[in-house]
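Asks: Quick one: structure below, then a few questions.
The numbers here are math on the coordinates, done by the rules we state, and not lab data. No experiment lies behind these values; they were computed from the predicted model shown. Cβ atoms come from the backbone with ideal geometry, glycine included; neighbour counts cover every protein chain shown.
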């Protein structure tokens, strides 16, 4: 058994299709803390069946939600996992071994994330093995307050595990479009608050440039049809968030 206690921390909203798969790989943690945004499906009941402590909070952005989540964790060490992410047994064993030491050498750790999109595991390009800071001591690190694409902020030296976890990002084109629209709305709100400007000339070339970078330069051409769909999604999102920002400004006129 590991010597240093770990709180597994998740935020949820209508995740009944995914959450059991995620929680199955978190039962080894010393507690599971969930902050739910008033799900209307069976998410909360499923979480409680795994012994999780569930709190409810209105969603006002990912950063705020995850800060609230960390505040409700009993232990200093936080393992932050999303409801569509699943640890591998190899990564679990590696974490347990590290946390069985008398002294933990780092205060924050990168976990390697492997992209799964429309059922395909991406084995090529940058998405096959992306380091992301997800295991940290909350006395030394914490989440940014960004509404979307929040990150764990820590300036010290970080460790990195060799093994990975899976990120099941989308199961259908409909789900892709829902995520794209939701993220673009949140980012446009943040841009609006920061008074970010839009350069129409640059925006015209945003889509083709982003698609080319994502599909060819970043290697998603090797990930088949799913790599093409992902590259299209990223290109559309890169433009949509600015179109939503323009729309917000027009409403004020």
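Asks: In which sequence would 19, 246, 6, 104 go, from the one with the fewest C-beta neighbours within 10 Å to the one with the most?
Replies: 246, 104, 6, 19
Asks: Round to the nearest 0.05 the FRET efficiency obtained for residue 228 and residue 103 when R0 = 30 Å and r is the Cβ-Cβ distance.
Replies: 0.05
Asks: Okay, next question. What per residue convex hull volume, in Å³, comes out for region 173-250 when only alpha-carbon positions are used?
Replies: 85
Asks: Another question, if that's okay. Between region 1-50 and region 63-140, how many Å separate their Cα centres?
Replies: Rounded to whole Å, the Cα centres lie 14 Å apart.
Asks: Per 0.36 nm of contour for each residue apart, how much would the distance between residue 126 and residue 198 grow if the chain were fully extended, relative to their Cα-Cα spacing?
Replies: The span from residue 126 to residue 198 would gain 23.1 nm if fully extended.
Asks: Here's a follow-up. Most mobile of 14, 195, 163 per a Gaussian network model of the chain (Cα springs, under 10 Å)?
Replies: Top of the fluctuation ranking is 195.
Asks: At 7 Å along Cα-to-Cβ for each site, give me the label-to-label distance between residue 68 and residue 38 in nm.
Replies: Once both label points are built, they end up 1.1 nm from each other.
Asks: Suppose a student asked you for the relative contact order of region 173-250, using Cα pairs under 8 Å spaced at least 6 residues apart; what percent would you report?
Replies: 46
Asks: Continuing with this model, one more query. Helix 224-250: angle to the longest alpha-carbon principal axis of the chain, degrees 0 to 90, nearest 10?
Replies: Approximately 70 degrees, to the nearest ten.
Asks: Using alpha carbons only, how many degrees (0 to 90, rounded to 10) separate the axis of helix 173-193 from the longest principal axis of the chain?
Replies: Relative to the chain, helix 173-193 is tipped by roughly 80 degrees.
Asks: Given labels modelled 7 Å from the Cα in the Cβ direction, how far is it in nm from residue 206 to residue 45?
Replies: In this crude spin-label approximation the distance works out to 4.3 nm.
Asks: Any idea what the relative contact order of the chain is, in percent, if you count C-alpha pairs under 8 Å spaced at least 6 apart?
Replies: The value is 18 percent.
Asks: Next up: Nearest 10 degrees is fine. How inclined is helix 200-212 to the longest principal axis of the chain, computing both from alpha carbons?
Replies: Compared with the principal axis, the helix lies near 50 degrees.
Asks: Find how much the distance from residue 185 to residue 145 grows on full extension, using 0.36 nm per residue of separation minus their present alpha carbon separation; answer in nm with one decimal.
Replies: 12.8 nm
Asks: Is the chain best put as rounded, prolate or oblate by its Cα gyration tensor, with a ≥ b ≥ c the root eigenvalues, rounded for a/c under 1.5, and otherwise prolate when a/b is larger than b/c, oblate when not?
Replies: prolate
Asks: For the residues 225, 233, what sequence is obtained by ranking on other C-beta atoms within 10 Å, fewest first?
Replies: Least to most surrounded, the residues fall as 225, 233.
Asks: Turning to a different aspect of this structure: Between residue 246 and residue 76, what is 0.36 nm times their sequence separation minus the Cα-Cα distance? Round to one decimal in nm.
Replies: Between residue 246 and residue 76, full extension yields 57.0 nm more.
Asks: Could you calculate, for region 8-132, the ratio of the Cα radius of gyration to the Kirkwood radius, expressed as Rg to Rh?
Replies: 0.96
Asks: Kindly state, to the nearest 0.05, the FRET efficiency for residue 5 paired with residue 253, given R0 = 35 Å and r defined as their beta-carbon distance.
Replies: Working from the Cβ atoms, E equals 0.05.
Asks: Shifting gears a bit: If you take the square roots of the eigenvalues of the alpha-carbon gyration tensor of region 86-177 and sort them as a ≥ b ≥ c, do you get rounded (a/c under 1.5), prolate (a/b over b/c) or oblate?
Replies: oblate
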